[in-house]
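Notes to accompany the following structure.
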Amino acid sequence: MNAPPPLERVAERLGLAPDDLAYLGRFDDAQLDALDTAVAMAQHREDLEVRRGMRDAVRLVPAPLRRRVAATLFPRDGAAEPSAATGASS
């Protein structure tokens, strides 16, 4: 299966229809690939900052509830997340 054209990848990454980004059609595929990479990196950095902010916020939760709150906020992280959120070291 072929990858979608760069403009379609950028649109999909941004949750837009390709027609919404039609004005970017004047750029060549290499430029659109660079844009797609830059958008992906920005989204990744943003996700990391949100998670960091959530982890920092968990520290404000009273200790008896911290593990449960961390497990609710970070269900995919398993057991590692609550100990990180509580500041416990291994």
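Scanning region 2-59 for residues that are more than 13 Å from the chain's Cα centre (by Cα), in a helix (DSSP H, G or I) and of a type in the set (S, T, N, Q) yields a total of 2.
Here is a yes/no grid of residues against (1) surrounded by 11 or more Cβ atoms within 10 Å (Cβ to Cβ); (2) modelled with pLDDT under 90; (3) not basic (Lys, Arg):
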site: ASN2; (1), (2), (3): no, yes, yes
site: GLY15; (1), (2), (3): no, no, yes
site: THR86; (1), (2), (3): yes, yes, yes
site: SER90; (1), (2), (3): no, yes, yes
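What do you reckon, is ALA30 of a type outside the set (Val, Ile, Thr), modelled with pLDDT of 95 or more, in the same structural domain as PRO4 (by TED's automatic domain parsing) and under 30 Å from PRO4 (Cβ atoms)? Yes: the conditions hold for ALA30. Listed by first and then second residue, the pairs with beta-carbon distance under 6 Å, at least 6 apart or on different chains, first residue in region 48-60 and more than 15 Å from THR72 (Cβ to Cβ) and without any contact (Cβ under 8 Å) to a residue 60 or more places away in the chain, second among the aromatic types (Phe, Trp, Tyr) and outside any helix (DSSP H, G or I), form an empty list.
The values are calculated or read from the model by the stated rules, or taken from the named source; none is laboratory data. Source: prediction; values computed, not measured. Note that each Cβ is placed from the backbone with ideal geometry, even for glycine, and that neighbours are counted across all protein chains shown.
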